[in-house]
């Protein structure tokens, strides 16, 4: 199971994280940083994989539309990483937190075990961490420099709500959790012994009623499920997910849809044993009141505003930076107000000498 999770986590990594670095062609300079051709090619390969994973109808067309921004996106990242240094954003605490979450997801005992698991897959763990850290710090820069200025007003929220009411319409649904106490005959009991059947059922029912009393007395349902449930959802705290009205057996459907959120059923006899159920959420059908979806609307408006605002911000960073693109490559996010670095006579001579040495095989 750990290997399956590990494969899923590291399968999206750039190929260079699984191989030695090679000194090669520089296609762009962003202040004191460089972008190499292999990074550029790798970013396009990763883009292609991501598009294919989404299952779009025409992945080749989607790729053709987005591929032209590959260099732009690499330059964006370098500009944001440099801004992170100016803002003293390191991502040190967050990277430890995220790696620990990954460790828990994979069921590993320590971060050292996570590193060993990565190495077993041929992955450079240090480069993987750096890749994750870059993502963390760029997200924080965007949030601090752009996102915090995009809070929607009450008028914008109200306008969005009125214009999207039909999209907000929803069916009635509930979220259920369960605790199952199975009916088990003692080992060696005759399968055709009705007395044994009755005793096994009575024992399971007694255990279920005792547990229900503890839950009604304050024991957390999810903790009780993890500790006592014999069903497949025990480790998830008994969570069964969401159900629309009419999708459950009629008797159960009538029971749980007649309950409010956080209500717990009595013990219910099923084929598997005795079940205790909890309605963890109960969402009424129809168009919700604006106050009930304000947070959802804020997120939608934020996403609408973010990309245009981010491009404005990145354009300004470009205008304050020195960016040099090798002939034949295009930064689709370039600003007409950018200042192209001027190569001095000394720099030009140095570059010419370096080229000569490479040609002769000295470098």
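The values are calculated or read from the model by the stated rules, or taken from the named source; none is laboratory data. Remember, it's a predicted structure, so these values are computed and weren't measured experimentally. We place every Cβ from the backbone using ideal geometry, glycine too, and count neighbours over all the protein chains shown.
List of remarks:
- Selection over segment 265-280 of residues that are under 35 Å from the mean Cα position of the chain (by Cα) and assigned to a loop (DSSP other than H, G, I, E, B) gives a count of 1.
- Single condition residue 322 does not satisfy, out of (1) at pLDDT 95 or above; (2) surrounded by 13 or more Cβ atoms within 10 Å (Cβ to Cβ); (3) out of contact with any strand residue (DSSP E or B) (no Cβ under 6 Å at 6 or more places or on another chain): (1)
- Filtered by the rule that a residue be out of contact with any strand residue (DSSP E or B) (no Cβ under 8 Å at 6 or more places or on another chain) and either without any contact (Cβ under 8 Å) to a residue 12 or more places away in the chain or surrounded by 17 or more Cβ atoms within 10 Å (Cβ to Cβ) (or both), segment 204-225 gives 206, 210, 213, 214, 217, 218, 219, 220.
Residue by residue, here is whether (1) out of contact with any helix residue (DSSP H, G or I) (no Cβ under 6 Å at 6 or more places or on another chain); (2) more than 30 Å from residue 242 (Cα to Cα); (3) without any contact (Cβ under 8 Å) to a residue 24 or more places away in the chain holds:
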{"residue": "109", "(1), (2), (3)": "yes, yes, yes"}
{"residue": "114", "(1), (2), (3)": "no, yes, yes"}
{"residue": "117", "(1), (2), (3)": "no, yes, no"}
{"residue": "126", "(1), (2), (3)": "yes, yes, yes"}
{"residue": "138", "(1), (2), (3)": "no, yes, no"}
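- Applying the criterion of being surrounded by 12 or more Cβ atoms within 10 Å (Cβ to Cβ) and either modelled with pLDDT of 90 or more or outside the structural domain of residue 339 (by TED's automatic domain parsing) (or both) to the residues of segment 13-28, the residue that is nearest to residue 324 (Cα to Cα) is 28.
- Any hit, segment 293-314, residues being part of a strand (DSSP E or B) and either within 33 Å of the chain's Cα centre (by Cα) or surrounded by fewer than 14 Cβ atoms within 10 Å (Cβ to Cβ) (or both): no
- Within segment 152-163, restricting attention to residues that are surrounded by fewer than 16 Cβ atoms within 10 Å (Cβ to Cβ) and touching a residue at least 12 places away in the same chain (Cβ under 8 Å), the residue that is farthest from residue 94 (Cα to Cα) is 158.
- Applying the criterion of at least 3 residues that are surrounded by 18 or more Cβ atoms within 10 Å (Cβ to Cβ) and touching a strand residue (DSSP E or B) at 6+ places or on another chain (Cβ under 8 Å) to the helices (runs of 4 or more DSSP H) found wholly in segment 29-124 leaves 70-86.
- Every residue from segment 249-264 that is part of a loop (DSSP other than H, G, I, E, B) and either within 26 Å of residue 218 (Cα to Cα) or touching a helix residue (DSSP H, G or I) at 6+ places or on another chain (Cβ under 7 Å) (or both): 258, 259, 260, 261, 262, 263
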